[in-house]
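Shown next, in structure tokens, is the structure this report addresses.
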Amino acid sequence: MPVPAQNQQYENFIIRYKQNTHGGFDYESDETFQIVNDLFGILYVPMQEVPELELSSYSYSSIPRCYTYMDTGALSTSGVTRLHNHPYLKLQGKGTLVAVIDSGIDYLHPAFHNGVQSKIFSIWDQTLEGGADGRIPFGREFGRQQIEQALASENPWEIVPSSDTNGHGTRSAATAAGYRIEKDNFCGAAPEAEIVIVKLKQAKNYLRDFYLLPRDIDIFQEDDIMLAISYVLFIAQEQQMPLSICIGLGTSMGAHQGEGPLNEYINSMQHLHRTQYLFLPEMKERPDTII
């Protein structure tokens, strides 16, 4: 059975657990409560124990907002590629991590490997069944060794069964840090950077119904994005590498004033870590979050 984070019979709430009015408690993550950082946590509550969602009954910020894809354009328009061979700069991302939080990645694409050597450091696939293992709260994680085993295998999906059925995450990762492919006249913005991927799970049905969103399009939850950021920050700290985070997602929900749990979390983490949050080139509108 899926864990509560993936289970359609549980509702998710973003809470400021350090502001508990009943005093301090020693909180720990488990299946029904996941700590994001020292302020925010995600509470998973069985649906039958939750009254019907109404904004008059809950803080608007406690109900996860929903996000979907933003558009991208050509790197040449952004001017990034002119920096690759600048005689004094030669900025190609060597020694850095680029995290892409999106629809996943086609790790078999030549933009991400040289033969059997992959530039992908790890993939956290939130859509696959699995439980907490000390590094991720649900889903499955695949490291570079497993990815390279899959590249060398005749049946790679048996080793790393993570894919990108939409293609948006693959395009975003290639745009941000894909290898140079001469025959296609293609090169990512940081072709020597390593990549960390989070494949977001789909928003739960109760949220789609609450926000009147279709069930047949890709939509992602605010709390899952927060957990994804927490994961990629952990990888960057573990590897002692500077990190850029690419989130090609946006929403029309909220006041568009940089408020709300995801915005607050991003702003607080940006001050504590060597982290940059990137816009994809030529986004047609600014998403609600600062990315």
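The values are calculated or read from the model by the stated rules, or taken from the named source; none is laboratory data. These figures come from a predicted structure and were not determined experimentally. Glycine also receives a Cβ, built like all others from the backbone with ideal geometry; neighbour counts cover every protein chain displayed. When the accessible area is computed, the model is the full protein with side chains, heavy atoms only, and any ligands, DNA or RNA have been set aside. Shrake-Rupley method; radii C 1.70, N 1.55, O 1.52, S 1.80 Å.
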> If ligands, DNA and RNA are left out, what is the accessible area of E129 with a 1.4 Å probe, given in Å² to the nearest 10?
Replying inline: 120 Å²
> In nm, to one decimal, how far is the N155 label point from the L39 one, both placed 7 Å along Cα→Cβ?
Replying inline: 4.8 nm
>> Starting from a Cα-only point model with no solvent, please compute log10 I(q)/I(0) by Debye for the stretch 156-200 at q = 0.15, 0.18, 0.22, 0.30 1/Å.
In response: -0.45, -0.63, -0.85, -1.06
>> Please compute the modelled spin-label separation between R16 and N205, points set 7 Å along Cα→Cβ, answer in nm with one decimal.
In response: 3.4 nm
>> Using 0.36 nm times the number of residues separating E49 and E264, minus their current alpha carbon distance, what extension gain do you get?
In response: 74.5 nm
>> Cα atoms only: what Rg and Dmax, in Å, come out for the stretch 89-153?
In response: 13.4, 44
>> Multiplying the sequence separation of N185 and N7 by 0.36 nm and subtracting their Cα-Cα distance, what value in nm do you get?
In response: 59.7 nm
